[in-house]
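To start, the structure itself, in structure tokens.
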Amino acid sequence: MSNLPLGAENDPYAPWNQKDKLCRYCDKEEIQEQLFKIIALNSTLDDDRIDEVIEEELDKFPLCPQCAKEEYYDYDDED
Ligand SMILES: [Zn+2]
């Protein structure tokens, strides 16, 4: 069922390749949105507590290679 452009299936920056490995920086808003839906629908927490839980869960998401590099190495590493 692939009707993507040639090579697009392997493009790590293409949105269709990212759904299983969201980056907690690059995809923060999308993650928050998804978490909010899950948490709000499955709990009776008040809004403040939901925000806290979302932040906690967000911290558990991995970083993409680009962000991991910036997180753990100097910004002026131009390799
Ligand atoms: Zn990232």
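The values are calculated or read from the model by the stated rules, or taken from the named source; none is laboratory data. Everything numeric in this text was worked out from a predicted model, so none of it was measured. Methodologically, a virtual Cβ is constructed for each residue, glycine included, from the backbone with ideal geometry; neighbour enumeration extends over all protein chains shown.
Among the residues of this structure, Ala8 does not count as one that is small (Gly, Ala, Ser), within 16 Å of the ligand (Cβ to nearest atom) and at pLDDT below 70.
Is it true that Tyr75 is part of a loop (DSSP other than H, G, I, E, B), at pLDDT below 80, within 11 Å of the ligand (Cβ to nearest atom) and exposed (fewer than 14 other Cβ atoms within 10 Å of the Cβ)? For Tyr75, the condition - part of a loop (DSSP other than H, G, I, E, B), at pLDDT below 80, within 11 Å of the ligand (Cβ to nearest atom) and exposed (fewer than 14 other Cβ atoms within 10 Å of the Cβ) - is not met. Comparison of Glu29, Glu57, Glu33, Glu52 shows that the only residue that is over 30 Å from Asn3 (Cβ atoms) and without any contact (Cβ under 8 Å) to a residue 12 or more places away in the chain is Glu52. Just so you know, in region 53-69 the residues that are away from the ligand (no atom under 16 Å from the Cβ) and loosely packed, with under 13 Cβ neighbours inside 10 Å include one that is farthest from Tyr25 (Cα to Cα), and it is Glu56.
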